[in-house]
1. Which members of region 26-74 meet the condition of being among the polar types (S, T, N, Q) and under 23 Å from the mean Cα position of the chain (by Cα)?
2. Quick test of your reading of the structure: residue 49 fulfils all but one of (1) in contact with a helix residue (DSSP H, G or I) (Cβ under 9 Å, 6 or more places away or on another chain); (2) closer than 18 Å to residue 128 by Cα; (3) assigned to a helix (DSSP H, G or I). Name the failing condition by number.
3. Among 64, 68, 92, 84, which is closer than 21 Å to residue 243 by Cα and either at pLDDT 95 or above or exposed (fewer than 15 other Cβ atoms within 10 Å of the Cβ) (or both)?
4. Identify, please: which residue in region 10-40 is under 30 Å from residue 137 (Cβ atoms) and modelled with pLDDT under 75 and is, among those, surrounded by the fewest Cβ atoms within 10 Å (Cβ to Cβ)?
5. List, please: which pairs have Cβ atoms under 6 Å, are six or more places apart or on different chains, and start with a residue in region 265-284 that is modelled with pLDDT under 50 and end with one that is assigned to a loop (DSSP other than H, G, I, E, B)?
6. Residue under question is residue 13, and the condition is that it be of a type outside the set (Ser, Thr, Tyr), more than 15 Å from the chain's Cα centre (by Cα), in a helix (DSSP H, G or I) and under 22 Å from residue 252 (Cα atoms); does it hold?
Amino acid sequence: MKNKIKTLVLLAVLTAVIVWVGEIIGGTYGMVIALVIAAGINFFSYWFSDKIVLKMYRAQEVSPNEVPHVYETVTKLTVVAGLPMPKIFLIPEESPNAFATGRNPEHAVVAVTIGLVNLMNKEELEGVLAHELAHIKNRDILISSVAATIAGAVMVLARMAGFAAMLGGRRSDDSGSGGGIIGLILMSIMAPIAAMIIQMAMSRSREFLADSTGAGFIGNPKGLSGALTKLESYSRNLPMDVNPSTAHMFIVNPLSGKSLIYLFSTHPSLEERIQNLGGGIMADKNKRDLKPNKEEEAAKSFRDNLS
């Protein structure tokens, strides 16, 4: 219920921001048009945000025959968690990462990259998949997907406002009141910051909770702790080409450590997450064990077919 309320609040905030931009750009008429646009975005955010994200990363649904070890692990964990079996999607990316999405547990998807399937050993893969199923169990997959859609929409609005400001903004003698060029400039600056704040607020606390819940499914935090150590190292050295508006959805921040946006990370630090799990590993040992798992032939074959 709490996440449903948060989702409604997010959609209401999005509507208010879009209407505000419409008023700045086009006065009263702009507000009306913006309200219609906001209604459309709200509809698509609720029903299609998961499909938009999956398509963005060229994720493809896979069968049990293609990644049997992933299906076997997820099937076992769903029984423990009391969840219906989600769909499994594979992302054609070498950088290891994963996310869960969907409207609810009955329409859930767990997406993993080829790099993650190749890199993780059995225990670590179990930890990652348990973490993603925890997001489904905790019902924060919808709000995460909606937040991604909203952040993307806000970024677009910021670019529109900046473009309108360059053209001189709305004339002061137009009908209705508005902030004119000053409002447009403020909008183009503040909107991206607001989008980052939304993502950070939605992501950091839920990552801690998903870590703890996922470790509870397994009964041991060691696998997830080891996976997080590997993922953190690889994501810094082999970052994914991602839309920043979706960064909060992944198990670890997929953006490069050299990116300015990384300073406004949507994820807690590795040290905080492992401490939250109660330690459980020797981090140095895992950092040395970074060779891909060559035994995952099913994932390799799928990757070859994509190329």
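The values are calculated or read from the model by the stated rules, or taken from the named source; none is laboratory data. Predicted, not measured: the structure shown is a model, and the values here were computed from it. Positions of Cβ are generated from backbone atoms using ideal geometry, with glycine treated the same way; all protein chains shown enter the neighbour counts.
1. From region 26-74, those among the polar types (S, T, N, Q) are 28, 42, 45, 49, 60, 63, 65, 73; that's our starting set.
Selection gives 42, 45, 49, 60, 73.
2. (2)
3. On the way: 64 fails: closer than 21 Å to residue 243 by Cα; 68 fails: closer than 21 Å to residue 243 by Cα; 84 fails: closer than 21 Å to residue 243 by Cα.
Just a single option satisfies the conditions, and that option is 92.
4. Within region 10-40, the subset under 30 Å from residue 137 (Cβ atoms) is 10-15.
Within this subset, residues satisfying the condition of being modelled with pLDDT under 75 are 10-11, 13-15.
Numbers: 10: 21, 11: 20, 13: 14, 14: 23, 15: 17.
Ranking the candidates gives 13 first.
5. 280/221
6. Working: of a type outside the set (Ser, Thr, Tyr): yes; more than 15 Å from the chain's Cα centre (by Cα): yes; in a helix (DSSP H, G or I): yes; under 22 Å from residue 252 (Cα atoms): no.
Answer is no for this residue.
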